[in-house]
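What follows is a set of notes on a single structure, which appears directly below.
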Amino acid sequence: MGGHVVPIVVQKEGSREFELNEEALMSVLHRPEVRDTALCVVSIAGAFRKGKSFFMNCLLKYCMNKGSPDWLGEQLQPIGGFVWRAGMERETTGISIWSEPFLFTKSTGEKVAVILMDTQGTFDLETSAQESTFIFALTLLASSVTVYNLMNQIQEDDLMNLQTFSSYGVLAQENSHGTRSFQKLIFLVRDWSHSFEHDFGHEEGKNVLEKVLKVKEEQEPGKQRLRQGLRQSFEELECYLMPHIGTSALRDRNFKGHLEQLAPLFVEHLKLLVPRLLAPENLVVKRSCVTLGMPATADELVELFRTFIKFFND
Ligand code: GDP
Ligand code: MG
């Protein structure tokens, strides 16, 4: 199966303004097989050069192979996948999605179309704080599952940034009906550096997150409010502690994603984590903000992008 990356939100040349590539977005969302199907929008956001696009390619691989037991295959990079590259230069700006939605069927018979979304421009050297906030907030609003990609551990800064992004997103949302503003967020900690205390994976991730988000009496009021606010903004918060990718992948300038170059433990956890997100039973359907209890329609999603970009540019 083919497909390619479609930039949908881009920054205009020499300007602070963002532009919606509406035609491109529609060409993905208005496909006949997707139009009236529930959507699951899975996105990733976080600092640059931290393996976001690399991880999206793993999700892409799972989708392309329809979640078959050997979905990972021998090599990760599908032809023309989300770009990742060794070195320092930026690859994409703004928000991109994969041109093909992927249809999955739950055991109830419900069909869900998965849209994969990659982002670039949170805290990179060339992006201002305001632009980072815009990209991240829009990502949160548009997704049903956001992967918050972090390095080594969850720090106070990471929580504060998340609060800034989510508050901005809430501000732009008029009719939230008193429901939680965002759906699922996963703290994905890459190169988890405290595995002696907490082992890799989901279970210990949950414990670490509990610890990090715990409101304690001796905490400053600001830190308490931050934690309460985050819990209230998201329907579901999860955490996954990922092992290091392996040095052989990082040393090889021409690394093309051959599995034998990745640390076996990393591969093991990829095989656990990716189905946690994408196995049909685990897909989180993007909820409508307009009609309570209903899935968001493709038109609604397009409108959301349109409104939010206007909100930012004005
Ligand atoms: P992005 O800017 O966040 O999208 O990062 P990329 O996916 O382009 O990857 C940047 C670099 O990080 C590449 O050289 C990857 O091989 C490397 N990388 C990918 N995953 C990991 C990881 O889990 N840990 C580390 N340390 N590096 C990674
Ligand atoms: Mg990238």
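Annotations for the structure displayed:
- Taken over the range 1-34, the residue count meeting the criterion of being polar (S, T, N, Q) and assigned to a strand (DSSP E or B) is 1.
- Flag if L278 is without any contact (Cβ under 8 Å) to a residue 60 or more places away in the chain, crowded, with 18+ Cβ neighbours inside 10 Å and away from ligand 1 (no atom under 16 Å from the Cβ): no
- Screening D191, D252 for residues that are within 16 Å of ligand 1 (Cβ to nearest atom) and more than 27 Å from L278 (Cβ to Cβ) leaves exactly one candidate, D252.
- Residues in the range 179-206 that are charged (D, E, K, R) and without any contact (Cβ under 8 Å) to a residue 40 or more places away in the chain: 4 in all.
- From the options F18, F54, residue that is under 28 Å from D299 (Cα atoms), crowded, with 22+ Cβ neighbours inside 10 Å and either modelled with pLDDT of 80 or more or polar (S, T, N, Q) (or both): F18
- Residue match in the range 112-124 (condition: over 24 Å from S166 (Cβ atoms) and either surrounded by fewer than 20 Cβ atoms within 10 Å (Cβ to Cβ) or away from ligand 1 (no atom under 16 Å from the Cβ) (or both)): yes
- Those helices (runs of 4 or more DSSP H) lying entirely in the range 163-255 with at least 1 residues among the β-branched types (V, I, T) and within 25 Å of R49 (Cβ to Cβ): 202-213, 247-251
- In the range 109-127, the residues that are away from ligand 2 (no atom under 16 Å from the Cβ) and either modelled with pLDDT under 95 or among the basic types (K, R) (or both): G109, E110, K111
- Filtered by the rule that a residue be within 12 Å of ligand 2 (Cβ to nearest atom) and of a type in the set (A, V, I, L, M), the range 28-68 gives I44, A45, A47, M56.
- Any pair with Cβ under 8 angstrom, 6 or more apart, that starts in the range 41-64 at a residue that is at positive phi and ends at one that is within 7 Å of ligand 1 (Cβ to nearest atom): G46/K52; G46/N149; G51/W84; G51/N149; G51/R190; G51/I245
The values are calculated or read from the model by the stated rules, or taken from the named source; none is laboratory data. Small disclaimer: the values here were computed from a predicted structure and weren't measured. Here Cβ is always computed from backbone atoms with ideal geometry, including for glycine, and neighbour counts include all displayed protein chains.
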